Amino acid sequence: MSDRYDTLVVGAGYAGSVMAERLASEAGHRVLVIDRRDHIAGNAHDYYDEHGVLCHKYGPHIFHTNSEKVVEYLSRFTEWRPYEHRVLARVDGRLVPMPINRTTVNELYGLGLETEEDMERFLESRAEAVEYIRTSEDVVVAKVGRELYEKFFRGYTRKQWQRDPSELHSSVCARIPIRTNVDDRYFTDSFQKIPVDGYTAMFERILESPSSGTSPDRSRTATRRSPWSSRARRATRTTPFRTTRPGRSTGATRRWPRSCRTSRSSAGSPATST
Ligand SMILES: Cc1cc2nc3c(=O)[nH]c(=O)nc-3n(C[C@H](O)[C@H](O)[C@H](O)COP(=O)(O)OP(=O)(O)OC[C@H]3O[C@@H](n4cnc5c(N)ncnc54)[C@H](O)[C@@H]3O)c2cc1C
């Protein structure tokens, strides 16, 4: 096969991999995907450790969306394991739901707030007037007051972002909900699951998948399997990665070209991102 490509995609995360698959399947492009990391799947990358445990390299990833179209698309490459994330924070010696909901406040303050209106009134009584909302500290203090900000947001944000909320744009903490009901799930999207074989396996299928459609265009594309991986086999600078479970290995080791070795990015985001 020739080394000529129609498209070069830089980055094998969701954006790059899906774009590559779409260009190959729908437009018949030969696509070369490169990544400076030695693996695919970007920040969603996972791998089996020596004990056979599937680890999320850059922090836990729960797939969540309200888009049926997105679910339908990705379900072509994976089956799903049901999973809803629930987080407890240890505050003042108690384990309470995070994000803050009515249960959190009732347990923390020994209250018996029964309705959403009760909770709204409680939060209003704690909220502080902030003239200009610029930072993440401003946005939280204006919603729930300084005490809940200090207990729930400040330390957590400093740990996850290595920055004080007063140094972060308001949008960072504005994404963390404050609930007036008792829903203790971290996400509320209609679809919340994890790929049954993991994210890396799903991305392998996205990148290797010939189109499964039946239109003439699609079947033409389907005969040109994985142009990126055939290029990768000949790449001189390659780094192998494994996605198979130790002991159940099929010996499948894939090699991907690296584009450059300038710098390796690290995830500077929350362990569980919103
Ligand atoms: C800790 C953490 C937890 C998260 N949790 C969740 C979650 O639970 N649920 C959820 O839906 N989302 C979560 N996210 C967000 C999710 O990871 C991102 O939305 C998703 O990975 C974005 O995909 P992407 O392709 O845009 O970028 P990335 O996944 O970052 O992929 C980009 C790729 O491009 C490569 N690249 C960049 N520049 C170059 C270059 N110049 N040359 C070569 N390669 C390059 C990078 O190495 C990387 O592999 C989380 C993110 C983090 C960091």
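The values are calculated or read from the model by the stated rules, or taken from the named source; none is laboratory data. The shown structure was predicted, so the numbers you read here are calculated from the model rather than taken from an experiment. Glycine gets a Cβ as well: all are built from the backbone with ideal geometry, and neighbour counts include every protein chain shown.
Return the residue satisfying two criteria in turn: it lies in region 1-13 and is farther than 17 Å from residue 205 by Cα and in a loop (DSSP other than H, G, I, E, B), and of such residues it is nearest to the ligand (Cβ to nearest atom).
The qualifying residue nearest to the ligand (Cβ to nearest atom) is 5.
So which residues in region 68-85 are assigned to a loop (DSSP other than H, G, I, E, B) and out of contact with any strand residue (DSSP E or B) (no Cβ under 9 Å at 6 or more places or on another chain)?
Listed by number, the residues that qualify are 75, 76.
List every residue pair whose Cβ atoms lie under 7 Å apart, where the two residues are 6 or more positions apart in sequence or sit on different chains, the first residue falls within region 11-33 and is more than 21 Å from residue 64 (Cα to Cα), and the second residue, located anywhere, is near the ligand (Cβ under 9 Å from one of its atoms) and not polar (S, T, N, Q).
Listed by first residue and then by second, the contacts come to 11/35; 11/42; 33/12; 33/16.
Would you confirm, using the coordinates I've provided, whether residue 120 is modelled with pLDDT of 95 or more and acidic (Asp, Glu)? Break it down into steps so the answer makes sense when it comes.
Working: modelled with pLDDT of 95 or more: yes; acidic (Asp, Glu): yes.
Here the answer is yes, as residue 120 does meet what is asked.
Residues in region 97-104: is at least one more than 12 Å from the ligand (Cβ to nearest atom), closer than 19 Å to residue 207 by Cα and either touching a Leu at 6+ places or on another chain (Cβ under 6 Å) or not assigned by TED's automatic domain parsing to the domain that holds residue 200 (or both)? Reasoning before the result, please.
Our first condition is that a residue be more than 12 Å from the ligand (Cβ to nearest atom); within region 97-104, this holds for 97-104.
Still in the running and closer than 19 Å to residue 207 by Cα: none.
No, region 97-104 has no match at all.
For the subset of region 185-227 comprising residues that are modelled with pLDDT under 50 and basic (Lys, Arg), which member is nearest to residue 48 (Cα to Cα)? I'd like the intermediate steps shown before the answer.
Kept after step one, since they are modelled with pLDDT under 50, are these residues of region 185-227: 211-227.
Then keep just the ones that are basic (Lys, Arg); that gives 218, 220, 224-225.
Details: 218: 34, 220: 35, 224: 30, 225: 26 Å.
Once the filter is applied, the top-ranked residue is 225.
With the structure loaded, tell me whether residue 111 is more than 22 Å from residue 61 (Cα to Cα) and assigned to a helix (DSSP H, G or I) or whether it fails that test. I'd like the intermediate steps shown before the answer.
Values: more than 22 Å from residue 61 (Cα to Cα): yes; assigned to a helix (DSSP H, G or I): no.
No; evaluated as a whole, the condition is false for this residue.
When the residues of region 14-51 are filtered to those that are part of a loop (DSSP other than H, G, I, E, B) and touching an Asp or Glu at 6+ places or on another chain (Cβ under 8 Å), which remaining residue is nearest to residue 202 (Cα to Cα)?
40
Of everything in region 137-190, what is surrounded by 17 or more Cβ atoms within 10 Å (Cβ to Cβ), among the polar types (S, T, N, Q) and outside any helix (DSSP H, G or I)? Give them in sequence order.
180
Any residue in region 48-67 that is within 23 Å of residue 193 (Cβ to Cβ), away from the ligand (no atom under 15 Å from the Cβ) and touching a strand residue (DSSP E or B) at 6+ places or on another chain (Cβ under 9 Å)? Even if it seems obvious, please write down each step before you answer.
We begin by selecting, within region 48-67, every residue within 23 Å of residue 193 (Cβ to Cβ); these are 48-49, 52-67.
From what is left, the residues that are away from the ligand (no atom under 15 Å from the Cβ) are 48-49, 52-53.
Keeping just the survivors that are touching a strand residue (DSSP E or B) at 6+ places or on another chain (Cβ under 9 Å) gives 48-49.
Scanning region 48-67, I find at least one residue that is within 23 Å of residue 193 (Cβ to Cβ), away from the ligand (no atom under 15 Å from the Cβ) and touching a strand residue (DSSP E or B) at 6+ places or on another chain (Cβ under 9 Å), so the answer is yes.
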